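Participant: One structure is given below, represented as structure tokens, and several questions about it will come after.
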Amino acid sequence: MRSLTRTILTHRGVACRTALHQGGPVPDQTTSVMWFRRDLRTADNPALLAALADGPTLPLFVLDPALWGPAGPSRRSYLVDSLRSLGRDVPVSVVRGDPAQQVLRAAQEVGATRVHVAADYGPYGARRDAAVEEALRDTGIELVRTGSPYAVAPDRVTNGSGASYKVFTPFSRAWAEHGWRGPADPLPTDARWRHLKETVDLPDVALPEGLELPDAGEAAAHRAWEAFLDKVVDYDGARDLPGVEGTSRMSHHLKYGEIHPRTLLADLAGRGGKGATTYRQEIAWREFYADVLFQRPDSAREYLRREYAAMTYDEPGADFEAWCEGRTGFPVVDAGMRQLRATGWMHNRLRMITASFLVKDLHVEWQHGARHFLHWLVDGDLASNNHGWQWTAGSGTDASPFFRVFNPTSQGRKFDPDAAYVRTWVPELVDVEDPHDPSPEARRRVGYPEPLVDHAAERLEALDRYQAIKK
Ligand SMILES: Cc1cc2nc3c(=O)[nH]c(=O)nc-3n(C[C@H](O)[C@H](O)[C@H](O)COP(=O)(O)OP(=O)(O)OC[C@H]3O[C@@H](n4cnc5c(N)ncnc54)[C@H](O)[C@@H]3O)c2cc1C
């Protein structure tokens with residue numbers, strides 16, 4: 001057997017000596033596969049530890065056309081960067097194709113008896129894993145699920161009668177009472193790796209002009225988190241102000257599992273204050289939406305409150321295009337939509353304002369907007385995105401009833417009081433007197449469009465359409 005060794009410096013600075021084995025299995029040990037998906041990290045990774053506990057491990061990633069195809073440039077490019085980063089710590093073998101065939105082929109090539117994963121609770125992921133499990137079982141190989149991308153896996157938080165929660169506040173209370181494990185151990189220092197003979201190169205993804213993405217990878221995730229911890233105390237006050245760097249920007253790191261929410265929660269434990277408490281609540285939103293989607297997989301595309309499907313909506317046309325491109329003539333809406341295209345991220349307040357505008361001012365169904373978001377967002381996540389949309393559209397879990405219609409101008413004034421955010425993303429308004437509501441003359445002068453619609457009139461129109469389904 002040929003054996004190569006190298007030293008891996010993990011993100012926390014722990015040096016671990018690893019051996020890369022080529023050839024047959026190590027005697028008296030079981031070879032296993034660690035199939036990475038949304039868990040592109042070495043720290044706090046129970047599935048990876050379970051694989052290494054079996055013996056020599058093949059770290060595997062499958063480029064799945066069913067996921068790669070619909071992903072937009074942001075997620076494709078970020079995934080590749082994240083895999084490159086993981087590959088510097090762990091010798092990941094990358095293959096392309098249907099996971100049911102590729103995982104089986106890989107497991108057979110290295111003589112594995114177990115394939116380890118973190119459980120996937122999304123509609124596609126759960127179906128895919130069931131198909132992989134069946135293909136493996138036919139040849140006597142076991143699929144072992146350890147952990148998930150959540151502190152508390154979906155379906156675990158239930159009420160006294162064992163039912164899942166449909167409303168956030170009682171869910172978050174029960175979620176906190178349920179509690180979660182502490183972070184998993186570091187990787188063993190004697191980890192031994194296997195790799196495949198034939199792999200594919202990671203594709204180079206060209207980004208559209210003007211789009212710049214954040215740094216990917218486990219080390220970047222920990223850097224961002226540690227920087228945020230220094231200002232978590234201010235989070236409660238700053239998180240709603242898009243002109244201030246007041247949020248953690250952890251969503252893309254969480255999406256790809258470059259850091260686990262358990263790690264964040266452990267670092268927050270013992271920190272009192274409203275900032276840390278509110279941050280825990282935001283993590284709970286992520287877990288709540290994953291649970292809701294698990295209970296109602298159809299709600300990825302269909303209305304959670306089915307009566308909303310009967311509402312009259314308009315077909316997406318030129319107005320929808322203007323919304324996508326940040327040309328609605330409503331400065332704060334355009335700022336959000338342009339931030340999305342330039343950075344692959346949009347501030348949460350803006351996600352709500354722009355989503356409300358599409359559904360309640362332009363009367364376009366939420367699914368069109370959700371698809372556009374998923375195309376551009378680097379953190380694009382089916383559960384958080386589509387339920388964020390349904391929440392805003394009024395058809396979702398709770399809280400934002402349809403008749404509460406955001407006024408984009410007053411939202412802008414309230415949450416971007418000095419117009420710093422609008423001036424950044426709609427630079428033609430930088431010197432305009434009232435950037436949240438420029439005069440017709442000022443708009444003409446700087447070449448900024450007139451408002452696409454009369455908000456007051458469209459609000460009434462939205463309420464009429466809502467009354468029609470309430471009857
Ligand atoms: C219409 C709409 C679409 C959205 N689409 C997505 C999406 O595709 N992916 C995504 O991760 N989030 C989505 N969100 C939630 C939220 O906007 C982002 O998680 C947040 O803006 C990410 O920035 P941050 O990491 O700086 O957030 P922080 O304010 O620092 O929050 C910390 C973490 O808590 C979680 N979180 C915060 N708010 C929410 C929320 N409302 N719902 C679920 N989780 C939350 C995220 O994991 C986030 O990283 C959406 C919200 C709306 C209203």
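Participant: Out of P183, P170, which single residue is outside the structural domain of W35 (by TED's automatic domain parsing) and either surrounded by fewer than 16 Cβ atoms within 10 Å (Cβ to Cβ) or within 19 Å of L63 (Cβ to Cβ) (or both)?
Facilitator: Values: P183 fails: either surrounded by fewer than 16 Cβ atoms within 10 Å (Cβ to Cβ) or within 19 Å of L63 (Cβ to Cβ) (or both).
Matching residue, one of P183, P170: P170.
Participant: Could you tell me whether any residue of region 326-337 is closer than 16 Å to N385 by Cα and either without any contact (Cβ under 8 Å) to a residue 60 or more places away in the chain or within 11 Å of the ligand (Cβ to nearest atom) (or both)?
Facilitator: yes
Participant: Next question. Can you pull out every residue in region 377-386 that is of a type outside the set (S, T, N, Q) and more than 7 Å from the ligand (Cβ to nearest atom)?
Facilitator: Hits for region 377-386 are V378, L382, A383.
Participant: Where residues in region 354-376 are surrounded by fewer than 21 Cβ atoms within 10 Å (Cβ to Cβ) and of a type in the set (D, E, K, R), which of them is farthest from the ligand (Cβ to nearest atom)?
Facilitator: E365
Participant: With the checklist (1) touching a strand residue (DSSP E or B) at 6+ places or on another chain (Cβ under 9 Å); (2) assigned to a loop (DSSP other than H, G, I, E, B) in hand, flag the one item P183 doesn't pass.
Facilitator: Checking P183 against (1) touching a strand residue (DSSP E or B) at 6+ places or on another chain (Cβ under 9 Å); (2) assigned to a loop (DSSP other than H, G, I, E, B), the one that fails is (1).
Participant: Please find, within region 226-273, the residue that is farthest from the ligand (Cβ to nearest atom) out of those that are closer than 24 Å to G147 by Cβ and among the hydroxyl-bearing types (S, T, Y).
Facilitator: For region 226-273, the residue satisfying everything is T263.
Participant: What about V144, is it touching a strand residue (DSSP E or B) at 6+ places or on another chain (Cβ under 9 Å), touching a residue at least 12 places away in the same chain (Cβ under 8 Å) and of a type in the set (A, V, I, L, M)?
Facilitator: Working: touching a strand residue (DSSP E or B) at 6+ places or on another chain (Cβ under 9 Å): yes; touching a residue at least 12 places away in the same chain (Cβ under 8 Å): yes; of a type in the set (A, V, I, L, M): yes.
Taking the combined requirement at face value, the residue satisfies it.
Each row is one residue, and each column tells you yes or no for (1) modelled with pLDDT under 95; (2) in a loop (DSSP other than H, G, I, E, B); (3) surrounded by fewer than 20 Cβ atoms within 10 Å (Cβ to Cβ).
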| site | (1), (2), (3) |
| --- | --- |
| G396 | yes, yes, no |
| F402 | yes, yes, no |
| R413 | no, no, yes |
| V422 | no, no, no |
| D434 | no, yes, yes |
| P438 | no, yes, no |
| P451 | no, yes, yes |
| A456 | no, no, yes |
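Participant: Within region 279-303, how many residues turn out to be farther than 29 Å from S248 by Cα and open to solvent by less than 30 Å² (accessible area, probe 1.4 Å)?
Facilitator: Total satisfying the criteria: 1.
Participant: Tell me the residue from Y150, Y124 that is in a loop (DSSP other than H, G, I, E, B) and either open to solvent by less than 10 Å² (accessible area, probe 1.4 Å) or in contact (Cβ under 8 Å) with a residue 24 or more places away in the chain (or both), please. Can you show your working first?
Facilitator: Values: Y124 fails: in a loop (DSSP other than H, G, I, E, B).
Within the list Y150, Y124, the selection yields Y150.
Participant: Here is a follow-up. Hey, R351 hits all of (1) surrounded by fewer than 21 Cβ atoms within 10 Å (Cβ to Cβ); (2) within 15 Å of the ligand (Cβ to nearest atom) but one; which does it fall short on?
Facilitator: Failing condition for R351: (1).
Participant: Out of D240, D236, D267, D230, report the one residue that is in contact with a Phe, Trp or Tyr (Cβ under 6 Å, 6 or more places away or on another chain) and of a type in the set (D, E, K, R).
Facilitator: After applying the criteria, what remains is D240.
Participant: Part of a helix (DSSP H, G or I) and more than 30 Å from P435 (Cα to Cα): does that describe A224?
Facilitator: When the stated conditions are applied, A224 passes them.
Participant: Within region 299-314, how many residues are acidic (D, E) and in contact (Cβ under 8 Å) with a residue 12 or more places away in the chain?
Facilitator: 2
Participant: Could you please let me know if E428 is in a helix (DSSP H, G or I), within 22 Å of G243 (Cβ to Cβ) and either of a type in the set (D, E, K, R) or open to solvent by 60 Å² or more (accessible area, probe 1.4 Å) (or both)? Break it down stepwise before answering.
Facilitator: On the way: in a helix (DSSP H, G or I): yes; within 22 Å of G243 (Cβ to Cβ): yes; either of a type in the set (D, E, K, R) or open to solvent by 60 Å² or more (accessible area, probe 1.4 Å) (or both): yes.
Against the criterion (in a helix (DSSP H, G or I), within 22 Å of G243 (Cβ to Cβ) and either of a type in the set (D, E, K, R) or open to solvent by 60 Å² or more (accessible area, probe 1.4 Å) (or both)), E428 qualifies.
Participant: So the check is Cβ under 7 Å with 6+ separation or different chains; which pairs have a first residue in region 213-239 that's over 22 Å from P417 (Cβ atoms) and a second one that's within 12 Å of the ligand (Cβ to nearest atom) and open to solvent by 20 Å² or more (accessible area, probe 1.4 Å)?
Facilitator: Between residues of region 213-239 that are over 22 Å from P417 (Cβ atoms) and residues that are within 12 Å of the ligand (Cβ to nearest atom) and open to solvent by 20 Å² or more (accessible area, probe 1.4 Å), the close pairs are P214/R249; A224/R249.
The values are calculated or read from the model by the stated rules, or taken from the named source; none is laboratory data. A quick note: this is a predicted structure, and the numbers were derived from the prediction, not measured. Don't worry about glycine lacking a Cβ; one is built from the backbone with ideal geometry, like all the others, and counts go over all protein chains shown. For accessibility, only protein heavy atoms count, side chains too; no ligands or nucleic acids. Shrake-Rupley method; radii C 1.70, N 1.55, O 1.52, S 1.80 Å.
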